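The structure appears below as structure tokens.
Values in this text are rule-based calculations from the coordinates and carry no lab data. Every value quoted in this text rests on a predicted model; they were computed, and no experiment measured them. Cβ placement follows ideal geometry from the backbone for every residue including glycine, while neighbour counts extend to all protein chains displayed.
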Amino acid sequence: MCSKGIFSDNEDADLHANADSAKPEHPQQSAQEPWRAIESRLSAMDRKLDLLSADFQSKLKYDSHKNSIIERLHRELLEYKEDFFRDRQLSVILEIIRLAEDIRKFAKHYQTSTLEASSFPEVMKFLEKLPEELEDLCDWQGGAPFACQEKELDLRRQRVMGIIETHDPQKDKTIAETLCPGWEREVKVIRPEMVSVYVYVQS
């Protein structure tokens, strides 16, 4: 007597049917799925590279435009500075010409006339005005006169032009007199103050 299987004939037929249905209908399609996923990702990467390339090209154009603007502004600034200094130099030249003409007129006037005592005030007025006008020219170029207020000698800003002997040791190497003011431009000494100083001499 043969023993029956665990499953009945109907159940066994159903299992075989389910097993057959679980198999893929198209084996090649199943094998191509990973490649399609790879192709999809590669396509996405290509699109991103295209976007990056377009963005890079746009940035290059922007940088090129920006550099051209910077170069143009720099060129205009140089031209402005050159025009500015040219105008200032021209104004100084014109003032020097005017001053020279006034001196020639003044000299010519007194060469052809007798200098009388009554003319002395006019002469002194002209001579006193002359240094002021020359100092105005220096002022237009950024120069400014200065005089140190300290009594001690400062060799960085002063130059000794005279010596006065003294028997007072406390006055040794101190300022006796300012002979000519110093000149500075943009906080830089362009000509030191001319001074005379005391020098101690034992009595």
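For the reader, a short list of remarks on this structure follows.
- Applying 0.36 nm per residue to the separation of K188 and S203 and subtracting their alpha-carbon distance, the gain on full extension is 1.3 nm.
- Oblate is the label for the stretch 73-203, because a/c, from the alpha-carbon gyration tensor with a ≥ b ≥ c as root eigenvalues, is 1.5 or above and a/b does not exceed b/c.
- Efficiency of FRET between H74 and F126 - r from beta-carbon atoms, R0 45 angstrom, step 0.05: 0.40
- Modelled spin labels at D139 and Y62, positioned 7 Å past Cα toward Cβ, are 5.2 nm from each other.
- Over the stretch 128-203 - Rg/Rh using Cα atoms and the Kirkwood inverse-distance radius: 1.10
- Candidate lysines for bridging to K61, where Cα separation is under 21 Å - those fewer than 8 sequence places away on the same chain excluded: K48
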